[in-house]
1. How much of Cys156 can a 1.4 Å solvent probe reach, expressed as accessible area in Å² and rounded to 10?
2. May I ask you to give the solvent-accessible area per residue for the chain, in square angstrom, as obtained with a 1.4 angstrom probe?
3. Give, as a single signed number, the net charge of other residues whose beta carbon lies under 12 Å from the beta carbon of Thr242, with Lys and Arg counted +1 and Asp and Glu -1.
4. In what order, largest first, do Thr315, Thr381, Thr293 sit by accessible area if the probe radius is 1.4 Å?
5. Where Lys and Arg each count +1 and Asp and Glu each count -1, what net charge lies around Thr381 among other residues with Cβ under 13 Å from its Cβ?
6. Tell me the carbon and sulfur percent of the accessible area for the chain, rounded to whole percent, probe radius 1.4 Å.
7. Around Pro97, under 14 Å between beta carbons, what's the net of Lys plus Arg minus Asp minus Glu among the other residues?
8. Can you give the relative contact order of the chain as a percent, counting alpha carbon pairs under 8 Å and 6+ residues apart?
Amino acid sequence: MTATAPAPPLNLPAPYGTCPFDPPPTYTAAAHDAAVTRAVLPDGTACWLVTGYEEVRAVLADPRFSADARTPGFPFLSAGQRELATAKPSFIRMDDPEHARLRRMVTKDFLVRRIEALRPGIQDIVDSAVDRMTDGRTSADLVADFALPIPSLTICLMLGVPYEDHDLFQSLSRSLLDNRTTSERAERAHAQLMDYLAELAEHKRRHPADDILSRLVARDDLTAQETASLGFLLLVTGHESTANMAAISVLALLRDPAQTALLRDDPELIRGAVEELLRHLTIIHLGLGRAATGSVEVGGVTIPAGGGVICMLSTANRDPALFPTQGGARPSELDLTRDARRHVAFGYGIHQCLGQTLARVELQIILATLLRRLPGLRLATPPEQLVYNQDAIVYGLRALPVTW
């Protein structure tokens with residue numbers, strides 16, 4: 001069986017319009033019509049758009065869909081990302097058994113019990129960030145002054161990366177995550193960050209400490225390139241995604257006083273609230289790419305070998321089949337009392353986000369602390385004047401001016 005009608009061209013999304021939290025309109029319209037539809041990438045390449053919850057999970061759990069960007073038919077939204085992902089793949093762009101071999105090297109550092117043990121330290125980092133942000137001031141940019149430093153400092157401590165170098169790796173990360181980045185600029189940024197991590201790893205070899213990089217360089221089953229690549233992935237994903245999620249979560253709460261009041265009145269809601277915010281916002285808003293290595297049926301549609309697939313996590317997380325209207329709140333609306341634990345904001349299957357427990361703990365502490373310590377927190381600029389990272393792989397805010 002094939003799709004009955006082609007989907008509209010899959011272009012990078014236009015500005016979100018009245019609500020910045022919704023999936024791009026092209027994808028929302030496609031999800032309304034069918035769970036799996038044909039689409040066309042910006043370069044004219046045909047692919048398949050998967051928007052339904054069960055169908056997204058089916059693709060991400062099926063080994064016949066490759067995460068390796070070098071697989072024929074793998075879909076890309078920009079030339080820069082194509083060049084980088086195919087020339088310098090990290091383990092999230094690999095299939096088993098190589099993916100599993102490299103992932104195992106760092107899995108224990110992100111086990112639930114290890115991350116939970118970090119709670120007091122993360123709480124100290126967050127409290128210190130609030131102290132700095134509010135010292136002698138009544139306003140700030142919540143992105144630059146608060147949301148970005150916290151996960152950056154946390155992942156630096158875990159990896160063993162000097163925090164004083166954060167301006168360098170944050171700048172390079174932004175270039176690598178921007179879909180407008182040219183292949184030449186992406187290559188330069190990647191090479192610069194890899195060189196930095198290779199030098200740091202060599203330093204750790206001579207002067208080991210209690211951190212992830214020190215443990216990686218001590219292994220005899222990792223090459224220097226693999227060590228730097230693992231460090232690269234953890235450093236980039238470990239701060240950028242959580243920082244964006246923290247800032248846009250605060251914005252979502254500030255724009256919904258009723259939901260904020262629920263959370264402030266009942267702090268025990270924080271764990272469930274973070275899951276609902278992850279579901280509702282889904283900052284990987286342009287989807288996850290896969291390529292079929294054989295003919296596979298998904299949602300009643302046969303995707304042929306070599307077919308590129310884009311799994312839309314954002315529309316899957318709004319699928320009324322799994323997240324029906326409850327208490328008057330539709331799937332497109334934020335409801336902090338919703339049971340959202342089955343969301344796919346962190347992906348699904350063997351490539352599900354390694355750092356998801358860390359992200360959850362950071363977000364829980366960040367939001368609970370802000371609500372407790374800054375009860376008067378409010379936007380310092382009209383919401384319609386905020387600027388979003390529309391062209392980035394990880395959706396978020398350029399800045400979030402707030403006052404208290």
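1. 0
2. Numbers: 17080 Å² over 404 residues.
So the chain comes to 42 Å² accessible per residue, rounded to a whole number.
3. Values: positive: Arg360; negative: Glu240, Glu362.
Within the 12 Å Cβ shell, the charges total -1.
4. Numbers: Thr315 10, Thr381 30, Thr293 85 Å².
Result of the area sort, largest leading: Thr293, Thr381, Thr315.
5. Values: positive: Arg255, Arg378, Arg398; negative: Asp141, Glu384.
Here the charged neighbours net out to +1.
6. Numbers: 9170 of 17080 Å².
Looking at the chain in its full context, I get 54 percent from C and S.
7. -2
8. Details: 660 pairs, mean separation 103.9, N = 404.
Here the relative contact order equals 26 percent.
The values are calculated or read from the model by the stated rules, or taken from the named source; none is laboratory data. What you see is a predicted model, and the numbers here were worked out from it, not measured in a lab. Positions of Cβ are generated from backbone atoms using ideal geometry, with glycine treated the same way; all protein chains shown enter the neighbour counts. Calculation scope for accessible area: heavy atoms of the full protein, side chains included, ligands and nucleic acids excluded. Shrake-Rupley method; radii C 1.70, N 1.55, O 1.52, S 1.80 Å.
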